[in-house]
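The values are calculated or read from the model by the stated rules, or taken from the named source; none is laboratory data. Just so we're clear, the structure is a prediction, and the values are computed from it rather than from any experiment. Reconstructed Cβ throughout: ideal geometry from the backbone, glycine too, with neighbour counts over all protein chains shown. In case anyone asks, the SASA skips ligands and DNA or RNA and just uses the protein heavy atoms, side chains included. Shrake-Rupley method; radii C 1.70, N 1.55, O 1.52, S 1.80 Å.
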Amino acid sequence: MIRLFSLKQQKKDGEASGKSTGSQKRPSAAYLRIQKDLNDLNLPKTCQMNFPDQDDFLNFKLIISPDEGFYKNGRFVFSFKVGAGYPHDAPKVKCETMVYHPNIDLEGNVCLNILREDWKPVLTINSIIYGLQYLFLEPNPEDPLNKEAAEVLQHNRRLFEQNVMKSMRGGYVGNTYFERCLSV
């Protein structure tokens, strides 16, 4: 559970230090909502979050380490950038780990419906985390960003599994080199 200071406590601290609350900048709606989302977060055991700047909750990293499926023992880092339009606009999510996956292209773009056309303001960061985790458990070749990986998954599951392992160990799949991303 991530613990964040409440706005009331911050206000109280500001008053105690003699700062007037009138001169303080009001937090944005996006900041207030992300603070609530992070307070309510229920991270699966295969995920962890990292905040490079402890004062910036709008930009953070998620590390997913699947414990089953094709990507078992891999370590995949995603960057989240939450814009001023959040929760009305979905956060921008990129995979920083180059991965052989039908729903993640080699530039790190992620094909997850709730990050695009199915986004609704009632969805939370938790929804996205579970969606990303599900992509590693059940890659979807029907809606690919990496068409070559999707085709291999559809027609030769064994070759797909070999390509995933080869890429996670660090090596070439076709003409593309993948950095090692195994956690063990």
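Checked against (1) free of Cβ contacts under 8 Å to residues at least 24 places away in the same chain; (2) out of contact with any helix residue (DSSP H, G or I) (no Cβ under 9 Å at 6 or more places or on another chain); (3) not charged (D, E, K, R), Thr97 meets all criteria but (1). Kindly evaluate Tyr31 against the criterion of being at pLDDT 95 or above and among the aromatic types (Phe, Trp, Tyr). In short, no. The residue of the stretch 159-176 that is farthest from Asn73 (Cα to Cα), among those that are in contact with a strand residue (DSSP E or B) (Cβ under 7 Å, 6 or more places away or on another chain) and open to solvent by 60 Å² or more (accessible area, probe 1.4 Å), is Lys166. Annotation note: Cβ proximity below 6 Å between a residue of the stretch 112-128 that is in contact (Cβ under 8 Å) with a residue 40 or more places away in the chain and a residue that is open to solvent by less than 50 Å² (accessible area, probe 1.4 Å) and not in a loop (DSSP other than H, G, I, E, B) (sequence gap 6+ or interchain) occurs for Thr124/Asp37; Ile125/Asp37.
Are any residues in the stretch 85-103 part of a loop (DSSP other than H, G, I, E, B), surrounded by 14 or more Cβ atoms within 10 Å (Cβ to Cβ) and either within 15 Å of the chain's Cα centre (by Cα) or modelled with pLDDT under 95 (or both), and if so, which ones?
Matches in the stretch 85-103: Ala90, Pro91, Thr97, Met98, Val99, Asn103.
When Ser127 is tested against (1) part of a loop (DSSP other than H, G, I, E, B); (2) surrounded by fewer than 18 Cβ atoms within 10 Å (Cβ to Cβ); (3) modelled with pLDDT of 95 or more, just one condition goes unmet, and that condition is (1).
The set of residues from the stretch 43-81 being touching a residue at least 60 places away in the same chain (Cβ under 8 Å), under 14 Å from the mean Cα position of the chain (by Cα) and either open to solvent by less than 20 Å² (accessible area, probe 1.4 Å) or farther than 22 Å from Met165 by Cα (or both) comprises Leu43, Pro44, Thr46, Cys47, Leu62, Ile64, Pro66, Phe76.
The requirement of being farther than 22 Å from Glu107 by Cα, in a loop (DSSP other than H, G, I, E, B) and among the hydrophobic types (A, V, I, L, M, F, W, C) is fulfilled somewhere in the stretch 64-84, by at least one residue.
For beta carbons closer than 6 Å, sequence separation of 6+ or different chains, a first residue in the stretch 169-184 that is touching a residue at least 40 places away in the same chain (Cβ under 8 Å) and a second that is surrounded by 11 or more Cβ atoms within 10 Å (Cβ to Cβ) and of a type in the set (D, E, K, R), the qualifying pairs are Val173/Lys166; Cys181/Arg75; Ser183/Arg75.
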